[in-house]
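This report concerns only the one structure given below.
The values are calculated or read from the model by the stated rules, or taken from the named source; none is laboratory data. All values reported here derive from a predicted model rather than from experimental measurement. Neighbour counts are summed over all protein chains in view; Cβ atoms, including those assigned to glycine, are modelled from backbone coordinates with ideal geometry.
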Amino acid sequence: MGCGSSSEDRSHDSGKRSIMVEEKLPTKETADESMKPVYGSLSKQEIKALSSHFEEMAKGVVDDGIIDLQEFCQTLGLPDNTLTRRLYALFDGDNDGKLTKGEFLQSLNILHPMGNLKDKMKMGFRFWDVDGDGLLSKDEVVRLVSESMQAGRMLITPEQFNMLVDATFSMADVDASGQVTMAEWEKLVKANPAMLSNMTLDVSTLLAQSLARL
């Protein structure tokens, strides 16, 4: 009678609450699934291997769980020049000089052979946009290509270079302003897919080469 409840009712309610709690607990499978939207191009094995690799890279100079420019150069065997700094900037998404594991995995997720094309186009645009103003100028392109030639690490062939400069500023720069917007860049790249050839990395090869330097 009244507002009270029997011990049997309370026991039944307690059992229901217990079941509800158990149903909400994440399993290993659901935890793995939650990673897919972020690193959808990478397999579970690649994520595990790259995470371990990142941790080793982060111990290069100071074991602080991040990769600075010096560790980036040291591990990948790259000189500290404008070109390498541009590569580092692509990985260091927030440009704070501290490459985190999340930024590392996200960048390789984009550069993966199965990476999203639109993301690759955005990353390619960011590489050439040295001053970060959201526009590409011919001076920026020439500067990076010249640096690449001097370093002896050609990212593009002379033919690709000529195609990039001439096509970008003749075809994409519709108003002849001397600058190319992101929208113009995307249109140009879609018409010339080879321009994104350097926005794809073989993750397995990268791991093998980098591990050999550790």
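What the table shows:
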read-out	value
Enumeration of residues in region 102-134 that are touching a helix residue (DSSP H, G or I) at 6+ places or on another chain (Cβ under 9 Å), under 17 Å from Gln45 (Cα atoms) and assigned to a loop (DSSP other than H, G, I, E, B)	His112, Pro113, Gly115
Residue match in region 131-141 (condition: under 26 Å from Glu71 (Cβ atoms) and modelled with pLDDT of 80 or more)	yes
Count of region 73-101 residues which are part of a helix (DSSP H, G or I), surrounded by fewer than 18 Cβ atoms within 10 Å (Cβ to Cβ) and not hydrophobic (A, V, I, L, M, F, W, C)	4
Any hit, region 49-72, residues being assigned to a helix (DSSP H, G or I), among the basic types (Lys, Arg) and either touching a helix residue (DSSP H, G or I) at 6+ places or on another chain (Cβ under 8 Å) or surrounded by fewer than 19 Cβ atoms within 10 Å (Cβ to Cβ) (or both)	no
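Table: residues versus (1) in contact with a His (Cβ under 8 Å, 6 or more places away or on another chain); (2) at pLDDT below 85; (3) closer than 23 Å to Thr82 by Cα.
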position: Val145; (1), (2), (3): no, yes, yes
position: Gln150; (1), (2), (3): no, yes, yes
position: Leu164; (1), (2), (3): no, yes, yes
position: Ala172; (1), (2), (3): no, yes, no
position: Ala176; (1), (2), (3): no, yes, no
position: Thr181; (1), (2), (3): no, no, yes
